[in-house]
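Right, one structure below, let's go through it.
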Amino acid sequence: MESSATKGLTLRSHTGVAYRFDPGALCLELLTTGGPGPYRRYEVLREPADLAAWAERSRLTPTPVLEISAAEVAGVRELRDALFRAVLAHLEGELLPPGDLAVINAAAALPPLAPAITPAGAQCWAGNPGGTHLAATVARDAVALLTGPFADRIRTCAAEDCHLVYVDTSRPGRRRWCSMEHCGNRHKVRALRLRHSEEG
């Protein structure tokens with residue numbers, strides 16, 4: 001219930017063009033909200049409404065109605081930054097940073113969003129979930145991804161100026177781009193121009 005393959009995020013390029021990006025995992029969707037170091041300039045999680053909006057755009061189905069505090073937003077940002085560094089270390093074939101693992105594992109140890117069913121037979125989330133439940137759900141998704149069968153399918157977009165991270169869940173395992181309609185298309189256009197210039 002934590003994921004829906006039909007969902008994907010709508011992102012905007014630096015030129016303002018909208019495109020769809022499916023990172024393939026809930027935890028990787030969180031990495032599009034900002035991050036440590038140079039990714040700080042992309043920060044969008046500043047207040048509870050921002051985190052609620054991200055949850056609505058995420059692959060969580062149905063969208064959880066959350067009661068979120070400012071402290072929980074700060075906690076999700078800390079989790080995201082730790083997850084970002086851990087994923088980058090994983091991509092480099094390095095040991096995962098102990099401090100960041102402590103943050104991820106502590107979040108994963110807390111109660112996650114709990115699925116429930118309504119009298120009408122529809123899916124819902126039990127109780128009155130908050131930001132901590134959301135963080136626990138994301139952290140558990142990260143643990144499952146980094147220790148599961150798709151751990152070696154985590155990649156960054158092949159475009160030199162794109163740093164989006166995704167997990168390649170395609171059957172052949174040959175995905176190269178964050179989005180074919182964005183970076184994949186830019187690559188095709190550049191290759192076509194290069195071919196024409198060489199022929200000219």
Next on the checklist: Which of the numbered conditions does Leu145 fail, given that it passes all the others? Conditions: (1) touching a Pro at 6+ places or on another chain (Cβ under 9 Å); (2) surrounded by 20 or more Cβ atoms within 10 Å (Cβ to Cβ); (3) of a type in the set (A, V, I, L, M).
Outcome noted: (1)
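Only one residue in Ala122, Ala135 is surrounded by fewer than 19 Cβ atoms within 10 Å (Cβ to Cβ) and small (Gly, Ala, Ser). Which one? Please lay out each step first, then the result.
Values: Ala135 fails: surrounded by fewer than 19 Cβ atoms within 10 Å (Cβ to Cβ).
Going through Ala122, Ala135 in turn, the sole match is Ala122.
State yes or no: is Gly184 open to solvent by less than 70 Å² (accessible area, probe 1.4 Å), at pLDDT below 95 and outside any loop (DSSP other than H, G, I, E, B)? Spell out the reasoning first.
Working: open to solvent by less than 70 Å² (accessible area, probe 1.4 Å): yes; at pLDDT below 95: yes; outside any loop (DSSP other than H, G, I, E, B): yes.
Judged against the criteria, Gly184 is a match.
Among the candidates Arg77, Arg46, which residue alone is modelled with pLDDT of 95 or more and more than 17 Å from Val138 (Cα to Cα)? Show your work before the answer.
On the way: Arg77 fails: more than 17 Å from Val138 (Cα to Cα).
From the options Arg77, Arg46, the qualifying one is Arg46.
Assigned to a helix (DSSP H, G or I), without any contact (Cβ under 8 Å) to a residue 24 or more places away in the chain and crowded, with 21+ Cβ neighbours inside 10 Å: is that true of Ala82 in this structure? Working first, answer last.
Values: assigned to a helix (DSSP H, G or I): yes; without any contact (Cβ under 8 Å) to a residue 24 or more places away in the chain: yes; crowded, with 21+ Cβ neighbours inside 10 Å: yes.
Spelling it out, Ala82 is indeed assigned to a helix (DSSP H, G or I), without any contact (Cβ under 8 Å) to a residue 24 or more places away in the chain and crowded, with 21+ Cβ neighbours inside 10 Å.
The values are calculated or read from the model by the stated rules, or taken from the named source; none is laboratory data. Everything quoted here is computed from the prediction, not taken from an experiment. For neighbour counting, all protein chains shown are included, and Cβ atoms are generated from backbone atoms with ideal geometry for every residue, glycine included. Note: areas computed on protein heavy atoms with side chains; ligands, DNA, RNA excluded. Shrake-Rupley method; radii C 1.70, N 1.55, O 1.52, S 1.80 Å.
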